[in-house]
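Student: Pasting a structure below so you can have a look.
The values are calculated or read from the model by the stated rules, or taken from the named source; none is laboratory data. Just so you know, these numbers come straight off a predicted model, no measurement behind them. Virtual Cβ from ideal backbone geometry, glycine too; neighbours counted across all protein chains shown. These accessible areas exclude ligands, DNA and RNA; they are computed on the full protein's heavy atoms, side chains included. Shrake-Rupley method; radii C 1.70, N 1.55, O 1.52, S 1.80 Å.
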Amino acid sequence: MTLTCIRLIIFHMLVSSFLIFNNALASDPDIIYDYVSPQNSSVNGSFFTYTGLRGVLHQIPQSFKATKATMVEFPALNGQSISYALFQYPAGSINPPHIHPRAAELLFLVSGSLQVGFVDSARTLYTQTLQPGDMFIFPKGLIHYQYNPQSVSATAISAFGSANAGTVSIPHSIFSTGIDDVILAKAFKTDTYTVKKIRSGLNKP
């Protein structure tokens, strides 16, 4: 075996190790118990039950609303690599472009119609118009959105491959975190006046 081959094998092993390590960091940790129980507390069936979605479907929000069931709201999910969310889209509302850094999202449309899409790392946009009963997968870490262009409301539920998928809003992360106006103006090839207008618009209810 030549020195070049040995170097290639070592390089391949290092890259593979890095990818495995990096993937492990981006996923929920494995647990060595059946479930993660709360400290200094006994567990019964109530611990594994979440009632936070009761009555939500009877409420009519004025704007897009997400009701989540993550390990924050439902501690029994800790270590189970799954969480849930109920989405309500009044007519004309949008779930703006965002990412989930720790999980893919599988959306199921219950009622209404949605225009959905995501952009991959090659900057290719994939879109679809969903009807009740349809499912759509948003791969982990990719920018995606949902929009209800109809005159009636829509409802969807999503499952995530993490107990704490995380949500990073693209508009708010860019324009509501204190990045200098000049930097944003240069990045978007516009002027600071436009940047300020976008900032003020995001602050409106």
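Student: Taking Cα pairs under 8 Å and at least six residues apart, what relative contact order does the chain come out at, in percent?
Tutor: Reported relative contact order: 21 percent.
Student: Also, quick follow-up: So what is the relative contact order for segment 95-147, in percent, with contacts set as C-alpha pairs under 8 Å and at least six apart?
Tutor: Normalised by residue count, the contact order of segment 95-147 is 54 percent.
Student: Once Rh for segment 96-205 is found with the Kirkwood sum over Cα pairs, what is the Stokes-Einstein diffusion coefficient at 4 °C and 1.567 mPa s, in µm²/s?
Tutor: 83 µm²/s
Student: Related question: Quick check for you: which residues of segment 48-85 have the amide N under 20 Å from the point 7 Å beyond the Cα of Asn40 toward its beta carbon?
Tutor: Backbone N within reach: 75-76.
Student: Taking a quarter of the surface of the convex hull around the Cα atoms of segment 123-162, what do you get in nm²? Mind dumping the intermediate values first?
Tutor: Working: hull surface 14.7 nm².
Taking the Cα atoms of segment 123-162, their convex hull projects to 3.7 nm² on average.
Student: Below 25 Å, Cα to Cα, which lysines can Lys68 reach? Residues fewer than 8 away in the same chain don't count.
Tutor: Straight-distance partners of Lys68: Lys140, Lys204.
Student: Can you give me the distance in nm between label points at Lys197 and Ile94, each placed 7 Å from the Cα along the Cα-to-Cβ direction?
Tutor: 1.6 nm
Student: Using the per-residue mean of other Cβ atoms lying within 10 Å as a proxy for protection, in what order, highest first, do the peptides 151-163, 33-45, 128-140 fall?
Tutor: Output ranking for 151-163, 33-45, 128-140: 151-163, 128-140, 33-45.
Student: Of all accessible surface on the chain at a 1.4 Å probe, what whole percent is carbon and sulfur?
Tutor: 61 percent
Student: Let me ask something else. For Cα pairs less than 8 Å apart in space and 6+ apart in sequence, what is the mean separation divided by the residue count of segment 30-88, i.e. the relative contact order in percent? Write out the running numbers ahead of the final one.
Tutor: Numbers: 47 pairs, mean separation 23.3, N = 59.
After rounding, I find 39 percent.
Student: While we're on this one: Once you have a ≥ b ≥ c as the square roots of the Cα gyration tensor eigenvalues for segment 43-107, tell me rounded if a/c is under 1.5, and otherwise prolate or oblate according to whether a/b is larger than b/c.
Tutor: oblate
Student: Next up: Which loop trypsin sites (Lys or Arg not before Pro) in segment 31-94, with loop taken from DSSP, have no more than 11 other Cβ atoms within 10 angstrom of their Cβ?
Tutor: Hits after loop and neighbour filter: Arg54.
Student: Averaged per residue, what accessible area in Å² does the chain show with a 1.4 Å probe, protein chains only?
Tutor: On a per-residue basis, the chain sits at 65 Å².
Student: Just the Kirkwood number for segment 146-205, please: inverse of mean 1/r across all distinct Cα pairs, in Å, one decimal.
Tutor: Answer for segment 146-205: a Kirkwood hydrodynamic radius of 14.4 Å.
Student: Which value, in Å to one decimal place, does the Kirkwood hydrodynamic radius take for segment 98-148 when every pair of different Cα atoms is included? Write down the numbers at each step before the final one.
Tutor: Working: mean 1/r = 0.0895 Å⁻¹.
Radius from the Kirkwood sum: 11.2 Å.
Student: Further question on the same structure: What number, in nm² with one decimal, is the all-direction average of the projected area of the convex hull of the alpha-carbon atoms of the chain?
Tutor: Numbers: hull surface 73.1 nm².
That works out to 18.3 nm².
Student: Another question about this same structure. For segment 130-142, take each phi angle, set θ = phi - 60°, evaluate the Karplus expression 6.51 cos²θ - 1.76 cosθ + 1.60, and give the result in whole Hz per residue in order, putting x for glycine and proline.
Tutor: Calculated HN-Hα couplings, in order: 9, 10, x, x, 7, 10, 9, 9, 10, x, 4, x, 9 Hz.
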